1. Can you check what the net charge comes to around ASN236, using other residues whose Cβ is under 12 Å from the Cβ of ASN236 (Lys, Arg +1; Asp, Glu -1)?
2. Which whole-Hz ³J(HN,Hα) couplings does the range 227-239 yield from phi under the Karplus relation 6.51 cos²θ - 1.76 cosθ + 1.60, θ = phi - 60°, glycine and proline marked x?
3. Taking a temperature of 25 °C and a viscosity of 0.890 mPa s, what whole-number D in µm²/s does Stokes-Einstein yield for the chain with Rh from Kirkwood over alpha carbon pairs?
4. Given the Cα-Cα distance of ALA261 and LEU157 and 0.36 nm per residue of separation, how much length would full extension add, in nm?
5. Around VAL194, which amide H atoms from residues at least 5 apart in sequence, or from another chain, sit under 5 Å from its own amide H, with H modelled in the peptide plane?
6. Which residues among the range 353-396 fall inside the zone where the amide N is under 15 Å from a point 7 Å beyond the Cα of ALA14, along Cα→Cβ?
7. If you roll a 1.4 Å probe over the chain with all protein chains in place, what percent of the accessible area is carbon or sulfur?
8. Along the Cα-to-Cβ line of ARG363, 7 Å from the Cα, sits a label point; which residues in the range 314-345 have backbone N less than 16 Å from it?
Amino acid sequence: MPLDLTFVRSQFPAFASMDNNEQSFFENAGGSFACSQTIDALTAYYTDTKVQPYSEFGSSARAGNQMDRSRERWAEALGVATDEVVFGPSTSMNTYVLAEAFGSLLGAGDEVIVTNQDHEANTGAVRRMADRVGATVKEWRTDPDTGLLDIDQFASLLSPATKLVTMPHASNIVGQENDVAKITGLAHGVGARVIVDGVSFAPHSIPDVAALDADVYLFSLYKTYSVHQGLMVVRNGLLDELPNQAHFFNAGYPDKRLSPAGPDHAQVACAGAVLDYVELLHVAHGGSEGDALRVACANVSSLWREQEDSLTPQLLDALSGRDNVRLLGPASLDAVSGHRCPTIAFLTLEQEPAVVASSLVQRGVQTSASDYYAVRVLDGLGVDVDRGVVRLSFVHYTGQTDIDRALNALDDVLG
Ligand SMILES: Cc1ncc(COP(=O)(O)O)c(C=O)c1O
């Protein structure tokens, strides 16, 4: 059964606004629209339970219960234990805190592998930490033509001294989906821990984190139809191994050890509401109400991917077939997986990317030109980072009408 797009779009109030009826949103990798379940939960929280949580009085107890429930629901969705789920203000803050914590464990003689395919959030703090403690940083570099990472090259960088690997599940520029399970297997073979940035992957498929076996898996809920929070799963005993980063008396609380800031109660409490949307979609597409949340997530992820994969090749063909454009990343869906993240960046060779982005916006295609904080991958591809690239990123609620609008605008602007 294909994804019912009319039903999907009815769950996103943003589509009712004038702007989004007459224009098409292609900046999803920057932040997605929120589903009505998220918006309603926030309104209800601020109306009914905007008090300090976890006291005995009604509104406070309800607030605390809702926060706990968010963690439990996300743990179920991702296939991990509740104690392994940590919320933080953003993925960048979560990686910063993680890097601080790893800094106490690493030192001279240890090696850290980072990639140049990452968004800066997933390597900057780790690179700085390694420099500070005297650990060696090895860079797993992308191919200068394709921007892709090669696993054989990764294997050649591993050594018994490798203690930590950071990598993206999917790139926010070239849309490559890396084989995380294979990479974690190799890294664990030498005893290294692996941090995976799933920010560009999770909006397209709710990851089975247990199957990937990453020690840390991070993503940003505000790009996944939910609230502005970072979610971080810390597994395989690592949470206890890393030194506490919170107040000393909070060391025994798994949800607090890596959250030095006081949590945003409302956002944490409402973070799970998007999973009600996922369950609703599951049931609307033939699933049973009694199915486990992980089952619903897997089914809905397949529906999302099918919808995206039916549209992605149209944009890839339109861009790769032009002489005046350099498409970054794969020009087709992956031959084996049949997927490619619909995060499609390109360099315009005759016009400034900023001018092209602005011309597309004038034609109702909501996009931008930027380095998207992925300066190292752009640099590796030989792109002038100051000029940036244009990016068209979409998700499962994007329809053929949106793609047609983008294709017409590209014809008009690029010739
Ligand atoms: C791939 C990727 N990783 C990490 C981040 C940082 O996430 P946050 O904004 O939650 O700090 C972003 C943000 O755009 C991103 O695209």
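The values are calculated or read from the model by the stated rules, or taken from the named source; none is laboratory data. This structure is a prediction, so every number in the text was calculated from the model and none was measured. Heads up, the Cβs are rebuilt from the backbone with ideal geometry, glycines too, and the neighbour counts pull from every protein chain shown. Side chains included, ligands, DNA and RNA excluded: accessible areas come from the protein's heavy atoms. Shrake-Rupley method; radii C 1.70, N 1.55, O 1.52, S 1.80 Å.
1. Details: positive: ARG193, ARG235; negative: GLU84, ASP213, ASP215, ASP240, GLU241.
Around ASN236, the surrounding residues sum to -3.
2. 8, 7, 9, x, 10, 10, 9, 10, 10, 6, x, 5, 4
3. Numbers: Rh = 22.1 Å.
For these conditions, the coefficient is 111 µm²/s.
4. Numbers: separation 104, 0.36 × 104 = 37.44 nm, distance 3.58 nm.
Contour length minus the Cα-Cα distance gives 33.9 nm.
5. Result for VAL194 returns VAL165, ASP215, VAL216.
6. Taking a point 7 Å out along Cα→Cβ of ALA14, the residues of the range 353-396 whose backbone N falls under 15 Å are 365-368, 392-396.
7. On the way: 8110 of 16060 Å².
The nonpolar share, carbon plus sulfur, comes to 50 percent.
8. 314-326
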